[in-house]
Amino acid sequence: MKNTHIIAIASGKGGVGKSTVSANLAVSLAREGKSVALIDLDIYGFSIPKMFSITASPKTINGKIIPVESHGVKIMSMGFLVKGNEPIVWRGPMLGKMIEHFTKDVIWGELDYMILDLPPGTGDIALDMHHYIPQSKEIIVTTPHPTAAHVAERAGVMAQKANHDILGIVENMSFFTPPNSEEKHYIFGKNGGVNLANTLQTEVLVKLPIEPVEEDKISSAIFTEESPLYYAYKELAQKVQLLLQGAGDNYVNEK
Ligand SMILES: Nc1ncnc2c1ncn2[C@@H]1O[C@H](COP(=O)(O)OP(=O)(O)OP(=O)(O)O)[C@@H](O)[C@H]1O
């Protein structure tokens, strides 16, 4: 997997939008003509298949898995390998095996970007990721809420201790603009992302607005041109590409 930029999307708290950011960053990079993989490593709380409305299981050839493709992105998730909505009851060491399996036993082809949707917090998967994919860069997702930003700091410090570059902070659910108004309402506070960026000596890459969910829409978590989030994610994808321009090769640890 030489020449592939690997970006892990991390957060401190759950529910701040890490999977939504992972999915939409992957789709936006694919829209820019890049070859993109998205691996859902949120093993206990996988949601990527649902976000893309994927019901098909991946096929295999000679014991290797062919990822499922949606919105131009090649996707692997634990959700493809379990029946229905069954909970996963794996213990620590098996998680590392899964990272190895998903990075090495899947036919990814040539990739420009591999996006990893990590579980929230600083648990086993994050530690294994640092071990198996030491070249990975990180984006930290937080809401502006002081508690979310405070907990996200731990994920950031862990990345720094493992010598992973932090590309920046995505502040999600930053503000709400009511219909027919331009006024921004800062529901969760204003400074979480900036404060976190200052503490981790990085930058806020983008501030994403709160957008009401359209429940009846297929793939409602993937934003199209009608949504302000489409343009915000486009901006994020372009910033990420700029930041990684000229960065050295980035590949999975072959050991
Ligand atoms: N900008 C946004 N505006 C409105 N709703 C959002 C926004 N971003 C995410 N959400 C919603 O918030 C919920 C949590 O998002 P998501 O699953 O991406 O979070 P997460 O951090 O990955 O959570 P976990 O780690 O617990 O799985 C989802 O229902 C998602 O649709």
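The values are calculated or read from the model by the stated rules, or taken from the named source; none is laboratory data. Predicted, not measured: the structure shown is a model, and the values here were computed from it. Here the Cβ is made from the backbone with ideal geometry for all residues, glycine too, and neighbour counts use every protein chain on show. Quick note on the areas: whole protein, heavy atoms, side chains included, nothing else; ligands and nucleic acids left out. Shrake-Rupley method; radii C 1.70, N 1.55, O 1.52, S 1.80 Å.
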Within straight-line cross-link reach of K64, aspartates and glutamates at Cα separation under 16 Å, skipping those fewer than 8 residues along the same chain: E100, D105, E110
When the Karplus curve 6.51 cos²θ - 1.76 cosθ + 1.60 is applied with θ = phi - 60°, which whole-Hz ³J(HN,Hα) does each residue of segment 174-187 get, with x for Gly and Pro? 5, 7, 10, 10, x, x, 6, 9, 10, 6, 8, 10, 8, 4
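How much length is gained if the chain between H131 and A162 is pulled fully straight, taking 0.36 nm per residue apart and subtracting their Cα-Cα distance, in nm to one decimal?
Gain on stretching H131 to A162: 10.3 nm.
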Per residue of segment 3-20, what does 6.51 cos²θ - 1.76 cosθ + 1.60 with θ = phi - 60° give for ³J(HN,Hα)? Whole Hz please, x for Gly and Pro, Karplus curve as stated. 6, 9, 7, 9, 10, 8, 9, 10, 8, x, 7, x, x, 8, x, 4, 5, 4
I need the phi-derived Karplus couplings for segment 129-139: 6.51 cos²θ - 1.76 cosθ + 1.60, θ = phi - 60°, integer Hz, Gly and Pro marked x. 4, 4, 6, 7, 10, x, 7, 5, 9, 10, 10
Accessible area per residue of the chain at 1.4 Å probe, in Å²? 49
Going by average Cβ neighbours within 10 Å, how do the peptides 117-124, 203-210, 106-113, 7-14 rank, with the highest at the top? 7-14, 117-124, 203-210, 106-113
With Cα coordinates, the longest principal axis of the chain makes an angle with the long axis of helix 228-244, in degrees rounded to 10, of 60
Quick query: amide H of M114 versus all other amide H atoms, modeled in the peptide plane; which residues come in under 5 Å with a sequence gap of 5 or more or a different chain? H5, I6, I7, A37
Given the DSSP H assignment, sum -39500 (n - 2.57) over each helix run of at least 4 residues in the chain and divide by its residue total; what's the result at 222 nm in deg cm²/dmol, nearest 500? -10000 deg cm²/dmol
Under 5 Å from the placed amide H of N172, counting only residues 5+ away or on other chains, we find T142, T143, L208
Return the distance in nm (one decimal) between the two label points of a simple spin-label model at H101 and Y44, each offset 7 Å from Cα along Cα→Cβ. 1.8
With 22 Å as the limit, write out which pairs from K13/K161; K50/K74; K50/K83; K13/K184; K104/K161 have Cα-Cα distances beyond it, or answer none. K13/K184; K104/K161
Which far-off residues, 5 or more places away or on another chain, put their amide H under 5 Å from the one on K34, with H placed in the peptide plane? none
